[in-house]
1. Treating the beta-carbon of each Lys and Arg as +1 and of each Asp and Glu as -1, no other charges, what is the dipole magnitude of the chain about its Cα centre, to the nearest 20 debye?
2. Kindly provide log₁₀ I(q)/I(0) values, in the same order as q = 0.08, 0.10, 0.14, 0.16 Å⁻¹, from the Debye equation applied to equal alpha-carbon scatterers of the chain.
3. Take Ala140 and Thr157, extend 7 Å from each Cα along the Cα→Cβ direction, and tell me the distance between the two endpoints in nm.
4. Write down the percent of antiparallel bridges among all DSSP beta bridges whose residues are both part of region 2-252, to the nearest 5.
5. Could you tell me how far the Cα centroid of region 110-156 sits from the Cα centroid of region 71-105, in Å?
6. Taking a cut-off of 15 Å between Cα atoms, list the aspartates and glutamates near Lys31, but don't count ones fewer than 8 places away on the same chain.
7. Summing -39500 (n - 2.57) over the DSSP H runs of n ≥ 4 in the chain and dividing by its residue number, what mean residue ellipticity at 222 nm do you reach, to the nearest 500 deg cm²/dmol?
8. For the chain, find the longest principal axis of its Cα atoms and tell me its angle to the long axis of helix 235-246, 0 to 90°, nearest 10.
Amino acid sequence: MKVILLAGGFGTRLAEYTDLIPKPMVPVGGKPILWHIMQIFARFGHKDFYVALGYKAEVIKEYFLNYRALNADFTVDLASGNVTPHQVDPVDWKVTLVNTGDTTMTGGRVRRLKSFIGNETCMLTYGDGLADIDLYALLAFHRSHGKMVTVSAVRPTARFGELEIEGACVKSFKEKPQLHEGWINGGFFVIEPAFFDLIEGDSTLLEREPLEQATQASELMAYRHDGFWHCMDTKRDHELLESLWGKGAPWAV
């Protein structure tokens, strides 16, 4: 199944890194977070990627254009120019890179990929979120209800300790627990071709009119993911993901 990856935003809250590279190229464990996201899909057999580029598109294009060289040991014969690889990263992905404009909004980026996707069901996610989501179960859920869009609903970890208070007495104290309420949009969508027609143009936010219209028409369903999910919005998020990578990377199981 084709997979759309939104990788064109400015990443202003990660300016420590994004002054030089786009947010999806910020490394976690030595690899761009975009690579980790693609690995999640590839483990479930989805290896046909369509990357919506914008800010610093050339950095992502250069990475994939030189992917084999960047991920292999090799010998260069400077006399002949011949290159002999010694080991090659065995990925068998197909990656289509499309510059969708620096200022295009998330919905507009999706719409610009309509001609590449064609009249097919496809998957869609953001270029900054990692999860141990079961894509087999997500796809089965989507096919079971027959609606236009499925969004993965997640419950992120609280940034601060959670107190349960009765009067002035603390009945429960949990340091940064996973929230029990407040499901949020975790990305990892499955969409039918008709959804593209709900997107008006480049200035359309995916999370506004298109998904609101789908909701009003009872065409948006939520797949509840109770496992690991974390997005990389800030330097603190990046440091947490780096730490988790060193402990076994829950999204890479």
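1. Working: 26 positive and 32 negative charges, 46 e Å.
Taking the Cα centre of the chain as origin, the dipole is about 220 debye.
2. Values, matching the q order: -0.35, -0.54, -1.00, -1.26.
3. 2.9
4. Details: 22 of 44 bridges.
Bridges in region 2-252 are about 50 percent antiparallel.
5. Measuring centre to centre over Cα atoms gives 27 Å.
6. Lys31 reaches Glu62, Asp89, Asp128, Glu239, Glu242.
7. On the way: 9 runs with 69 residues, N = 253.
Helix contribution divided over all residues of the chain: -7000 deg cm²/dmol.
8. 70
Only the coordinates and a few stated rules stand behind these numbers; no lab work does. Remember, predicted model here, so these are calculated numbers, not experimental data. FYI the Cβ positions are ideal-geometry reconstructions off the backbone, even for glycines, and counts take in every protein chain you see.
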